[in-house]
Amino acid sequence: MKRETPSRWKSMRKVELHRHLELSLRLETLLEVAPSLGIRIPGWKQGEKLTEETLRELHKELLILKPMQSLSEVLSKFLMMQKAWASEELIERLTYEICVDAQQEEGIAVLELRYSPTFIQGASSLSFEKIHEAICRGIDRARSPSFVAGPIGILQRTLPPKEAEQVVHFFIDHRDKFIGVDLADREVGFEGTRFIHLFEQIQKAGLPITIHAGEEPHPESARFIRDAINHLGATRIGHGVQIIHDPETMEFVKEKDVALELCLTSNCLTQAVPSMQEHPIRKLLEAGLKVTINTDDPTIFHTNLNHEYDLLEEHFDFNRALFHQCNQFAAEASFLPHFDVLHALSLQGGE
């Protein structure tokens, strides 16, 4: 997504490990396809000129611009974005645009895009196979010598056991077309250990694992992180910000050489942390943990990777050396083939 003020970090080579495909689409495309899909966007009429004032109003309707106050408010915005993933043609187009924008607008050389087939199926009614094939076509169209991307399959924690098994079997049966597997959605009340048997199958199939854990403020957050590593085979943790409250778990994660996929803006807007100033990213990095920089849901949170870099420079005095260090951690932790990662980074223009 383009932002009003260009970032001085735009040309820097970047790696992003934690970006949800479904909430990364171009708003312009959403507005274009909305009428044909029956998507009603409050405050906007088809054909209306997109003035700055109109865009500001649309942002209020579509995006999360301040800390979340109610789950229903957030879900309505998520569901509006979901409706855009309605056909094979749109899925391919949206994926392609996301990859192109990552390259051209954000300087990203290595991009991992995670998605939930059950979430997209809710809008399209397509089979998992057709959804995944369309996503792969979009990624392949955007591929270049200086850009490599790949899909991570998300298993939603909230699924009933039988449906969860179907999703995991799909990932395993198509393991040559996924770079890894993730477990996402709310942790509290939906503990990951319910899926130990499924993640044992995923590990046997040779698929790398990242787990959303330690995101929500909760007394058990540190245990959720340890369980993700010990029982589910995670080699990366999505978010994990609550680890800052448990020095023992911090040491454990460091000992296990597990990378953290941190998302600054997301953590503030979801109230995973009280404020930007209180985000533990700098402390975690100084404690020796492998910290990576990510956007999570860039469209709905009105951010991009350049903007995250700007925030880190402004609030935490990140400099070029620290950004390079975080990118190195991300490159080493990537689930994409190591040769492809190094090749893309070596050919990417800029710094």
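The values are calculated or read from the model by the stated rules, or taken from the named source; none is laboratory data. This is a predicted model, so every value here is computed, not measured. Cβ coordinates were reconstructed from backbone atoms using ideal geometry, including for glycine residues, and neighbour counts include every protein chain displayed.
Of the residues making up region 257-269, those that are surrounded by 14 or more Cβ atoms within 10 Å (Cβ to Cβ) and within 21 Å of GLU112 (Cβ to Cβ) are VAL258, ALA259, LEU260, GLU261, LEU262, CYS263, LEU264, THR265, SER266, ASN267.
Taking the listed residues THR95, THR29, the one that is touching a Cys at 6+ places or on another chain (Cβ under 9 Å) and under 22 Å from LYS130 (Cβ atoms) is THR95, with no other qualifying.
Of all residues in region 237-250, which are buried (at least 19 other Cβ atoms within 10 Å of the Cβ) and in a loop (DSSP other than H, G, I, E, B)? Listed by number, the list holds a single entry, GLY240. Residue selection: GLN201 satisfies the criterion of being farther than 30 Å from ALA272 by Cα, of a type in the set (S, T, N, Q) and either modelled with pLDDT of 95 or more or in a loop (DSSP other than H, G, I, E, B) (or both).
Listed by first and then second residue, the pairs linking a residue in region 156-183 that is over 14 Å from LYS204 (Cα atoms) to a residue that is of a type in the set (Gly, Ala, Ser) and assigned to a loop (DSSP other than H, G, I, E, B), with Cβ atoms under 8 Å apart and 6 or more places separating them unless they lie on different chains, are GLN156/SER116. On the stretch given as region 312-351, residues that are out of contact with any helix residue (DSSP H, G or I) (no Cβ under 7 Å at 6 or more places or on another chain) and in a loop (DSSP other than H, G, I, E, B) total 9.
The residues of region 161-189 that are modelled with pLDDT of 95 or more and either under 16 Å from ARG236 (Cβ atoms) or part of a loop (DSSP other than H, G, I, E, B) (or both), listed by number, are HIS174, ARG175, ASP176, LYS177, PHE178, ILE179, GLY180, VAL181, ASP182, LEU183, ALA184. With respect to LEU75, determine if the residue is among the hydrophobic types (A, V, I, L, M, F, W, C), in a helix (DSSP H, G or I) and out of contact with any strand residue (DSSP E or B) (no Cβ under 9 Å at 6 or more places or on another chain). Taking the combined requirement at face value, the residue satisfies it. Pairs meeting the criteria (first residue in region 93-121 and over 14 Å from GLU16 (Cβ atoms) and without any contact (Cβ under 8 Å) to a residue 40 or more places away in the chain, second residue polar (S, T, N, Q) and surrounded by fewer than 24 Cβ atoms within 10 Å (Cβ to Cβ), beta carbons under 9 Å, at least 6 apart or on different chains) are GLN121/SER127. The residues listed here are GLU88, GLU112, GLU92; of these, the one that is of a type in the set (D, E, K, R) and either surrounded by 20 or more Cβ atoms within 10 Å (Cβ to Cβ) or out of contact with any helix residue (DSSP H, G or I) (no Cβ under 6 Å at 6 or more places or on another chain) (or both) is GLU112. Contact map, region 261-290: residues that are touching a residue at least 60 places away in the same chain (Cβ under 8 Å) paired with residues that are surrounded by fewer than 21 Cβ atoms within 10 Å (Cβ to Cβ) and in a helix (DSSP H, G or I), Cβ distance under 8 Å, separation 6+ or inter-chain. Pairs shown: CYS268/MET276.
Can you run down the residue pairs with Cβ atoms below 7 Å, 6 or more apart or on separate chains, where the first is in region 314-342 and at pLDDT 95 or above and the partner is among the aromatic types (Phe, Trp, Tyr) and in a helix (DSSP H, G or I)? Note: pairs meeting the criteria are PHE323/TYR309.
For region 181-198, give me each residue that is out of contact with any His (no Cβ under 9 Å at 6 or more places or on another chain) and of a type in the set (Val, Ile, Thr). Hit for region 181-198 is VAL181, nothing else. May I ask you to list the residues in region 79-138 that are among the aromatic types (Phe, Trp, Tyr) and farther than 17 Å from LEU155 by Cα? Passing the criteria: TRP85, TYR96. When we screen SER7, SER36, SER11 for residues that are assigned to a helix (DSSP H, G or I), more than 18 Å from the chain's Cα centre (by Cα) and polar (S, T, N, Q), the only hit is SER36. With respect to the conditions (1) crowded, with 23+ Cβ neighbours inside 10 Å; (2) at pLDDT below 95, SER125 lacks only one, and its number is (1).
Taken together, the residues in region 281-311 that are crowded, with 24+ Cβ neighbours inside 10 Å, in a helix (DSSP H, G or I) and out of contact with any helix residue (DSSP H, G or I) (no Cβ under 7 Å at 6 or more places or on another chain) amount to 0.
I want to confirm something. Restricting to region 251-280 and keeping residues that are assigned to a helix (DSSP H, G or I) and among the hydrophobic types (A, V, I, L, M, F, W, C), which single residue is farthest from GLU57 (Cα to Cα)?
Per the criteria, the residue is PHE252.
When every residue of region 73-82 is checked against the conditions, at least one turns out to be more than 29 Å from ARG175 (Cα to Cα), at pLDDT below 95, within 18 Å of the chain's Cα centre (by Cα) and of a type in the set (D, E, K, R).
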